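The values are calculated or read from the model by the stated rules, or taken from the named source; none is laboratory data. None of the values given here were measured: they were computed from a predicted structure. Counting neighbours? That spans all protein chains shown, and the Cβs are built from the backbone with ideal geometry, glycine included. Please note that ligands, DNA and RNA were not included when accessible areas were found on the heavy atoms of the full protein model with its side chains. Shrake-Rupley method; radii C 1.70, N 1.55, O 1.52, S 1.80 Å.
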Amino acid sequence: MRKLFIVAFFTFFAFSQISTAQNCVDCHKKVTPNVVKDWQHSKHFKNDVDCATCHGDEHTTMTDYMKAELPTYETCGNCHEKQTSEFLAGKHSKGWGTLMAMPTIHMQPSPLIEGEKGCGSCHKIGIKSDKELARLRKEGSRYGHASCDACHTRHTFSVKEAKQPQACMTCHMGFDHPQWEMYTSSKHGVRFLLKQTGALPADTPAPTCQDCHMQNGNHNVRTAWGFLAVRLPLPKDNPQWANDRVTILKALGVLDPQGKPTPLLAVVKAADLARLTQEDWQKERDKMLNTCTQCHSRNFAKGELEKGDQMIQKADSLMAAAINVVAGLYKDGTIKNKGVEYPQLLTFHDAPTVVEQKLFVMFLEHRMRTFQGTFHASPDYALWYGWSEMVRDLTEIKELAEQMRLNKKIEKM
Ligand code: HEC
Ligand code: HEC
Ligand code: HEC
Ligand code: HEC
Ligand code: HEC
Ligand code: HEC
Ligand code: HEC
Ligand code: HEC
């Protein structure tokens, strides 16, 4: 009797589950047919991971759809623990926090932050704390909080898609991080694209972004130098370079004009924005070098990576010179800004004067391209879009500074 009851109970339970799933699918075949089609292509479909698993079963009619839940990375983490913990240890999970730490973030139009456009639509790959999520939802933000759908998009959630370099393209392109443009025009990318078109055999060696940055499918994405390629001056660095970097750190507001750490240093540490120790840097470098040696000699690859380091050093020297020119304008009062002694690179395009906007472009567009191009084997980005532009920026900044001083003198006459 008892046994029969249990069987009956589970039959009822299973039936009610199926009917919920069936309801979602049946109605959505009419409402959003392509969502259903996409899901049917996914491994989830084959493994009974249905609409309600990710969206809950509260919403059941044509009108109560605001009751449908929208997933976060934690929803995926329930079943994909390994990828989720790797992801959390890497840089992608920090994308939202670093965005919010920018000093002028509140000055950007809100659709570019909270909406899925502009800064927010790339940085939404980062996770949000419960508090942050509550704040965003209160402000009416409903979508774009799943993080894990950045490379395997909904609702196919396909590994095959995520393994193509195109999966990184939407975000890793353009102004300050044109990795897509650099990669696709490098020999690495050209070969891979020719494999995709079938011109080269499928087993021709050609590295993808994922081969170099997600070795063995590891979701912990992080590089030796990081985005801004700054680290605290380390004992092994040459003294001139260490000096130049102190100047850059002052213009980033991480060090004060006297060279002492500011409160921003804590933010930089928390967001993993800069490598703080030699060991931390070396660990990532060794990992990268081991990838290159799948196809190149260690000797060749080591030398190529060191060229990247050297270009950071050369670029820092031009950058520090330019920062000092602008700092000079603050010092002699040509630029008046109460209590400020240094130009601030993190104000981005909201920098107060033309000469400082030039400085921002030199830093975020041209300095980045100089070393990123070298690391990604892109001759044109390293030279013409990077280094050559920096040299011209410095000349222009010097001339602008002289012009500003002259104008001040004329004003006083
Ligand atoms: C009777 C029809 C019907 C059923 C049953 C149904 N839905 Fe919907 N669903 C809709 C409609 C209509 C919308 C709104 C579509 C629009 O905005 O164009 C919607 C929207 C959604 C959304 C998007 C919400 C948003 O804010 O954009 C999700 C997610 C969703 N449904 C999931 C489910 C799940 C899970 C189930 C089963 C538990 C389900 N639906 C059952 C009709 C249905
Ligand atoms: C593995 C988890 C998962 C499953 C299973 C799943 N979804 Fe979704 N769904 C998502 C994610 C992630 C989003 C994007 C949420 C966001 O933008 O915040 C989403 C968004 C949606 C949206 C709104 C966004 C849009 O593009 O219109 C609808 C509608 C929707 N899902 C319907 C469905 C239906 C119907 C099913 C079943 C056939 C289903 N989902 C199954 C994860 C899932
Ligand atoms: C209820 C458990 C469950 C949830 C929740 C879930 N998945 Fe899955 N997922 C699975 C299962 C089961 C498979 C199939 C595993 C296999 O075939 O080895 C799978 C497979 C995958 C795959 C591999 C697809 C392929 O082409 O091989 C990806 C990627 C994936 N899920 C991403 C996600 C994402 C992103 C989310 C959150 C939006 C999510 N999953 C939520 C259970 C789940
Ligand atoms: C939705 C946008 C988005 C997609 C898609 C994306 N990324 Fe990112 N990626 C970011 C953002 C934003 C950051 C910076 C995170 C932060 O604030 O620290 C980042 C950081 C990185 C970094 C770390 C650089 C460092 O500072 O060390 C690497 C490497 C990287 N991504 C590689 C990839 C690869 C490879 C892919 C494709 C498989 C990819 N990304 C797909 C947005 C994206
Ligand atoms: C097209 C996508 C995209 C847009 C738009 C975008 N970012 Fe980013 N952002 C990225 C990627 C990708 C990275 C990492 C690139 C790298 O490491 O080379 C990044 C890196 C950063 C970093 C450094 C994070 C770190 O830990 O090193 C900050 C800060 C940042 N972005 C702020 C912003 C702000 C502020 C805006 C808007 C004014 C913005 N981003 C717009 C994609 C974007
Ligand atoms: C930067 C792009 C990117 C993001 C973001 C990302 N993935 Fe992946 N994912 C990949 C790539 C690439 C693979 C294929 C790895 C391989 O096997 O080489 C993959 C594979 C997977 C697989 C299949 C693993 C297997 O062995 O079959 C699952 C499951 C998965 N991801 C879940 C997630 C979850 C959960 C998240 C969020 C915590 C996430 N992914 C975020 C790029 C990404
Ligand atoms: C042949 C290997 C290789 C390939 C392919 C590759 N990268 Fe890189 N990537 C590197 C190296 C090397 C660095 C510098 C690492 C360091 O800091 O020492 C780097 C750095 C980065 C960074 C940090 C900022 C920078 O550019 O220096 C990001 C983000 C990034 N790569 C994304 C991508 C994306 C996206 C793709 C594909 C479009 C890609 N990479 C293709 C090797 C590669
Ligand atoms: C999966 C194989 C593979 C991996 C991994 C790989 N490369 Fe390559 N690399 C190639 C091939 C193939 C070429 C094109 C050779 C040619 O032009 O004859 C190439 C070309 C280059 C070039 C252009 C100069 C030349 O010799 O043509 C540089 C520089 C380079 N690789 C550096 C690196 C570095 C640094 C790494 C690691 C971060 C790396 N590669 C990882 C296969 C690879």
query: Which Rg and Dmax, in Å, describe the Cα atoms of region 294-413?
result: 17.6, 69
message: Please compute the length gained on full extension between residue 242 and residue 398, using 0.36 nm multiplied by the number of residues separating them and subtracting their Cα-Cα distance.
response: 53.9 nm
message: Using a 1.4 Å probe on the protein heavy atoms, what percent of the accessible area of region 221-311 belongs to carbon and sulfur?
response: 59
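Going highest first, how would you order 40-52, 88-100, 149-161 by mean Cβ packing within 10 Å?
On the way: 40-52: 14.9, 88-100: 19.0, 149-161: 16.7.
Packing order, densest peptide first, comes out as 88-100, 149-161, 40-52.
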message: Please list 3J(HN,Hα) in residue order for region 21-30, calculated via the Karplus relation 6.51 cos²θ - 1.76 cosθ + 1.60 where θ = phi - 60°; whole Hz, with x for glycine and proline.
response: 4, 5, 4, 4, 5, 4, 5, 6, 4, 8
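Quick one: of 338/412; 82/128; 187/283; 117/283; 128/269; 43/160, which pairs are farther than 23 Å apart, Cα to Cα? It would help to have the intermediate numbers written out before the result.
Working: 338/412 20 Å; 82/128 19 Å; 187/283 27 Å; 117/283 35 Å; 128/269 18 Å; 43/160 11 Å.
187/283; 117/283, as the Cα separations exceed 23 Å there.
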statement: Here the FRET efficiency for residue 289 versus residue 28, based on Cβ atoms and R0 = 51 Å and rounded to 0.05, is 0.55
message: Per residue of region 195-204, what does 6.51 cos²θ - 1.76 cosθ + 1.60 with θ = phi - 60° give for ³J(HN,Hα)? Whole Hz please, x for Gly and Pro, Karplus curve as stated.
response: 5, 4, 7, x, 6, 10, x, 4, 9, 5
task: For the chain, just the Cα atoms, rotate onto the principal axes and tell me the three extents in Å, largest first.
output: 100, 53, 37
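If each DSSP helix of 4+ residues adds -39,500 (n - 2.57) and the sum is divided by the residues in the chain, what number results at 222 nm, nearest 500 deg cm²/dmol?
My calculation for the chain gives -16500 deg cm²/dmol from helical runs alone.
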statement: Going residue by residue through region 368-384, the Karplus relation 6.51 cos²θ - 1.76 cosθ + 1.60 with θ = phi - 60° gives ³J(HN,Hα) values, rounded to whole Hz and with x marking Gly or Pro, of 4, 5, 4, 8, 4, x, 5, 5, 9, 6, 10, x, 6, 5, 4, 8, 6
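Obtain the radius of gyration and the Kirkwood radius of region 90-144 from its C-alpha atoms and give Rg over Rh.
On the way: Rg = 10.4 Å, Rh = 11.3 Å.
Ratio of gyration radius to Kirkwood radius for region 90-144: 0.92.
Any idea of the accessible area per residue across region 203-354, 1.4 Å probe, to the nearest Å²?
Working: 7610 Å² over 152 residues.
About 50 Å² of surface per residue is accessible.
With every protein chain kept in place and ligands, DNA and RNA left out, what is the accessible area per residue of region 90-144? Probe 1.4 Å, answer in Å². Don't skip to the answer; put the middle values down first.
Values: 3020 Å² over 55 residues.
On a per-residue basis, region 90-144 sits at 55 Å².
Using a 1.4 angstrom probe on heavy atoms only, work out the carbon and sulfur share of the accessible area of region 90-144 in %.
Details: 1860 of 3020 Å².
Answer for region 90-144: carbon and sulfur cover 62 percent of the accessible area.
For region 222-272, what value does the Rg/Rh ratio take when both radii are computed over Cα atoms and Rh is the Kirkwood radius, given to two decimals?
Numbers: Rg = 11.0 Å, Rh = 11.5 Å.
Expressed as Rg/Rh, it is 0.95.
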message: If you average the C-alpha positions of region 311-329 and of region 196-274 separately, how far apart do those two centres end up, in angstrom?
response: 19
